[in-house]
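Below is one structure, written out as structure tokens; the observations come after it.
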Amino acid sequence: MIKDLFNKQKPKKKKYATIPTEASKQDVPEGIMQKCPKCKKIMYTKELKKNLNVCLQCGHHHGMTSLERRDSFIDEGTFQELDAALSSTNPLNFPGYLEKVEADRQKTGMNEAILTGVGQVEGHEVVVAIMDANFRMGSMGSVVGEKITRAIEEAGRRNVPFIIFTASGGARMQEGVLSLMQMAKTSVALKRFSENGGLIISIMTHPTTGGVSASFASLGDYNFAEPGALIGFAGRRIIEQTIREKLPEDFQTAEFLLKHGQLDAVIHRHDMKEKIAFLLDIHEPGGELA
Amino acid sequence: MIGLEFEKPVMELKGKIAELKEFTSTSDVDLTEEIEKLEQRLKKLEKDIYESMTPWDRVQMARHPERPTTLDYIQHLFTDFMELHGDRLFGDDAAIVGGVAKYHGLPVTVIGHQRGRDTKENIKRTFGMPHPEGYRKALRLMNQAVKFKRPIICLIDTKGAYPGKAAEERGQSEAIARNLFEMAGMEVPVICIVIGEGGSGGALALGIGDKLFMLENSTYSVISPEGAAALLWKDASQAKRAAETMKITAGDLKELGVIDAIIPEVSGGAHRNIAQQAALIDQMLKPALQELLQLSIPELLDNRYIKYKQIGEYTL
């Protein structure tokens with residue numbers, strides 16, 4: 001306000017800053033608390049984990065590792081991993097690629113950006129593939145593509161549904177066109193699986209973009225997403241620079257996609273297992289009019 | 001409960017009975033006998049009025065603001081309904097709802113027009129008048145049903161496809177036509193039930209099936225009575241006359257051989273008791289579905305072909 005400029009009589013408030021002592025700093029070890037990026041609430045990591053990484057205050061869905069996802073979705077003790085040993089090479093001799101992969105291996109304890117396996121969801125046998133955005137941004141190279149394709153084939157052999165949780169920045173740049181072709185390879189496998197009557201359920205989690213959203217993530221008989229997940233083909237910045245227009249706030253969120261006809265439903269993480277189990281039950285062969 | 005013009009005497013009598021009951025309970029005067037007499041009169045009056053409804057009365061009934069909608073029936077007829085959204089092309093049209101559900105234990109796909117229950121919802125659902133994306137969503141769900149061999153149940157309740165600029169730009173005609181074409185070949189049993197208004201092509205786009213039923217007080221026509229009056233006599237106020245002339249009631253359509261059966265309604269209209277109305281639908285739907293499930297796919301498709309082939313009247 002302009003009049004405030006002239007209102008100088010008011011005594012200035014003294015400002016104090018709290019400087020934590022070294023001792024109090026050490027009271028809270030690294031990682032014990034976490035801050036929600038959306039509502040800024042600070043909470044115990046343990047409580048957050050217990051709540052399936054969903055913010056206790058605003059319901060924001062934090063990321064999940066493949067293993068956390070597996071534990072939240074697959075019946076305990078039923079999971080058998082597939083193709084655990086499949087590892088990346090450096091087909092383009094891209095400088096530093098394998099070092100980066102190795103670093104992420106150390107960081108995540110995963111061999112690659114995806115976990116595949118056979119397991120049960122409330123007693124229904126399925127083949128599940130779970131991407132991990134913590135490993136090279138969940139990007140898809142030859143190994144991710146091959147593991148997905150093998151998982152689809154395994155679902156076909158077992159005649160059980162194929163479920164994929166996607167979380168990916170897209171194709172892996174360091175493997176060049178071979179990455180692009182994983183879009184083709186996985187889609188070709190899904191087509192054959194689908195033609196034989198196979199059930200495909202895709203669950204898009206934050207983020208699902210680029211070549212992954214433009215291949216298997218969008219090819220489910222049912223396409224679902226978690227609330228607030230970023231889903232899209234081209235990145236927001238690229239689009240804004242190209243069309244020179246500011247995009248709406250909710251652009252490329254799960255809710256935006258639902259409104260634009262791209263999703264069957266947005267499902268809260270807490271309801272995920274129950275809803276998918278219901279769908280699996282609907283597809284259980286041999287239903288009869290009682 | 002909102003009363004229609006023709007049922008005013010019933011409403012008035014009901015009001016009087018309620019008044020007397022209230023009076024008896026709060027004062028010493030005992031009017032039990034009078035109340036009983038009036039209730040008997042009410043029964044007779046209801047019978048007289050509801051059994052001699054004119055086509056225009058039925059039009060009003062089909063449009064009754066409290067008339068049960070697709071989602072109301074889904075709740076009563078099915079267990080574990082899961083709504084699925086979107087046409088994967090442009091949008092999700094709230095004027096059509098659809099999804100998977102269980103019907104007496106059998107997985108089915110159910111799709112229907114959806115009106116709103118109040119103004120706000122009606123705006124969201126464009127008064128139950130679909131855009132092309134609504135029909136394309138319906139088709140997507142039907143194709144999915146075929147892939148997984150689930151019977152399809154369609155509930156029809158629309159004034160018609162949405163008349164608008166955007167709808168035309170996105171191919172309203174193509175969307176309706178595509179549904180007629182594809183529904184003819186759906187390799188699963190398809191049962192269609194008109195639950196309210198069956199308005200023209202917008203209704204027919206969910207209406208090609210092996211069995212077509214209509215609720216007693218629903219209508220099905222090539223155009224609304226108002227539209228017909230405007231076209232035929234250049235006077236939309238002659239809608240009442242058009243309703244009689246156009247043959248749009250369930251009874252008329254049964255006579256014309258267009259529908260397979262009429263589903264009776266609760267006395268006074270479906271909205272008087274939704275659960276009971278759902279039970280009346282169930283009584284027709286279940287045996288029909290049972291019958292269709294016995295047929296092979298070629299038999300099913302042949303019968304469907306013949307069913308539509310024989311509609312129409314002409315001489316040589």
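The values are calculated or read from the model by the stated rules, or taken from the named source; none is laboratory data. Here the structure is a predicted model, which means the values were calculated and not measured. Cβ sites come from the backbone with ideal geometry, for glycine too, and all protein chains shown count toward neighbours.
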Practice problem: Please state which one of A:ARG157, A:ARG136 is surrounded by fewer than 24 Cβ atoms within 10 Å (Cβ to Cβ) and of a type in the set (Lys, Arg). | Solution: A:ARG157
Quiz item: Would you call B:ILE274 touching a residue at least 24 places away in the same chain (Cβ under 8 Å), more than 14 Å from every other protein chain (Cβ to nearest Cβ) and touching a strand residue (DSSP E or B) at 6+ places or on another chain (Cβ under 8 Å)?
Solution: no
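At least 1 residues that are among the polar types (S, T, N, Q) in each: list the strands (runs of 3 or more DSSP E) lying fully within region B:32-114 that qualify.
On the way: elements: B:79-83, B:96-103, B:106-113.
In region B:32-114, B:79-83, B:106-113 are the strands (runs of 3 or more DSSP E) which contain 1 or more residues that are among the polar types (S, T, N, Q).
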Self-check item: Pairs, first within 12 Å of chain A (Cβ to nearest Cβ) in region B:137-163, second polar (S, T, N, Q) and surrounded by fewer than 21 Cβ atoms within 10 Å (Cβ to Cβ), C-beta under 9 Å, six or more apart
Solution: B:LYS147/A:SER194; B:ARG150/B:GLN144
Quiz item: Within region A:162-181, which residues are in contact (Cβ under 8 Å) with a residue 60 or more places away in the chain and crowded, with 24+ Cβ neighbours inside 10 Å?
Solution: A:ILE163, A:PHE165, A:ALA167, A:GLU175
Quiz item: For region B:146-158, which residues satisfy the criterion of being crowded, with 24+ Cβ neighbours inside 10 Å and of a type in the set (A, V, I, L, M, F, W, C)?
Solution: B:ILE152, B:ILE153, B:CYS154, B:LEU155, B:ILE156
Practice problem: Could you grab me the full set of residues in region A:266-288 that are assigned to a loop (DSSP other than H, G, I, E, B) and over 17 Å from A:LEU199 (Cβ atoms)? | Solution: A:HIS268, A:GLU288
Quiz item: Can you tell which of B:GLU291, B:GLU255 is surrounded by fewer than 21 Cβ atoms within 10 Å (Cβ to Cβ) and within 14 Å of chain A (Cβ to nearest Cβ)?
Solution: B:GLU291
Exercise. Name the residue, out of B:LEU316, B:LEU280, B:LEU295, that is outside any helix (DSSP H, G or I) and assigned by the TED database to the domain that holds B:TYR73.
Key: B:LEU295
Practice problem: Select, from B:THR54, B:THR79, B:THR24, the only residue that is closer than 30 Å to B:ASN122 by Cα and surrounded by 13 or more Cβ atoms within 10 Å (Cβ to Cβ). | Solution: B:THR54
Practice problem: Among the residues of region A:246-271, count how many are under 18 Å from A:ALA214 (Cα atoms) and at the interface with chain B (Cβ under 9 Å from one of its Cβ atoms). | Solution: 7
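How many of the residues in region B:126-136 are more than 14 Å from chain A (Cβ to nearest Cβ) and either in contact with a Leu (Cβ under 8 Å, 6 or more places away or on another chain) or surrounded by fewer than 24 Cβ atoms within 10 Å (Cβ to Cβ) (or both)?
Here is the first cut: in region B:126-136, the ones more than 14 Å from chain A (Cβ to nearest Cβ) are B:126-129.
Still in the running and either in contact with a Leu (Cβ under 8 Å, 6 or more places away or on another chain) or surrounded by fewer than 24 Cβ atoms within 10 Å (Cβ to Cβ) (or both): B:126-127, B:129.
Number of matching residues: 3.
Residue-wise test of (1) within 13 Å of the chain's Cα centre (by Cα); (2) over 21 Å from A:GLU255 (Cβ atoms).
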| residue | (1), (2) |
| --- | --- |
| B:MET61 | yes, yes |
| B:THR70 | yes, yes |
| B:ASP87 | no, no |
| B:ASP92 | no, no |
| B:GLY105 | no, yes |
| B:HIS113 | yes, yes |
| B:ARG117 | no, yes |
| B:LYS120 | no, no |
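Just a yes or no: is a residue in region A:219-229 away from every other protein chain (no Cβ under 14 Å) and hydroxyl-bearing (Ser, Thr, Tyr)? Steps first, answer last, please.
Kept after step one, since they are away from every other protein chain (no Cβ under 14 Å), are these residues of region A:219-229: A:226-229.
Next cut, hydroxyl-bearing (Ser, Thr, Tyr) only: none.
No, region A:219-229 has no match at all.
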Quiz item: Filter region A:70-92 for residues that are in contact (Cβ under 8 Å) with a residue 12 or more places away in the chain and in a helix (DSSP H, G or I); which is surrounded by the most Cβ atoms within 10 Å (Cβ to Cβ)?
Solution: A:PHE73
Quiz item: Do we find that A:GLY220 is over 30 Å from B:LEU293 (Cβ atoms) and in the same structural domain as A:LEU190 (by TED's automatic domain parsing) in this structure?
Solution: no
Practice problem: Look at region A:93-108 and say how many of its residues are part of a loop (DSSP other than H, G, I, E, B) and either without any contact (Cβ under 8 Å) to a residue 12 or more places away in the chain or exposed (fewer than 13 other Cβ atoms within 10 Å of the Cβ) (or both). | Solution: 3
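From the list A:GLY176, A:GLY211, A:GLY198, A:GLY169, exactly one residue is within 14 Å of chain B (Cβ to nearest Cβ) and either under 21 Å from B:HIS85 (Cβ atoms) or small (Gly, Ala, Ser) (or both). Which is it?
Numbers: A:GLY176 fails: within 14 Å of chain B (Cβ to nearest Cβ); A:GLY211 fails: within 14 Å of chain B (Cβ to nearest Cβ); A:GLY169 fails: within 14 Å of chain B (Cβ to nearest Cβ).
Being within 14 Å of chain B (Cβ to nearest Cβ) and either under 21 Å from B:HIS85 (Cβ atoms) or small (Gly, Ala, Ser) (or both) holds for just one of A:GLY176, A:GLY211, A:GLY198, A:GLY169, which is A:GLY198.
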Self-check item: Single unsatisfied condition, B:TYR73 versus (1) in contact with a Lys or Arg (Cβ under 9 Å, 6 or more places away or on another chain); (2) among the hydroxyl-bearing types (Ser, Thr, Tyr); (3) surrounded by 15 or more Cβ atoms within 10 Å (Cβ to Cβ)
Solution: (1)
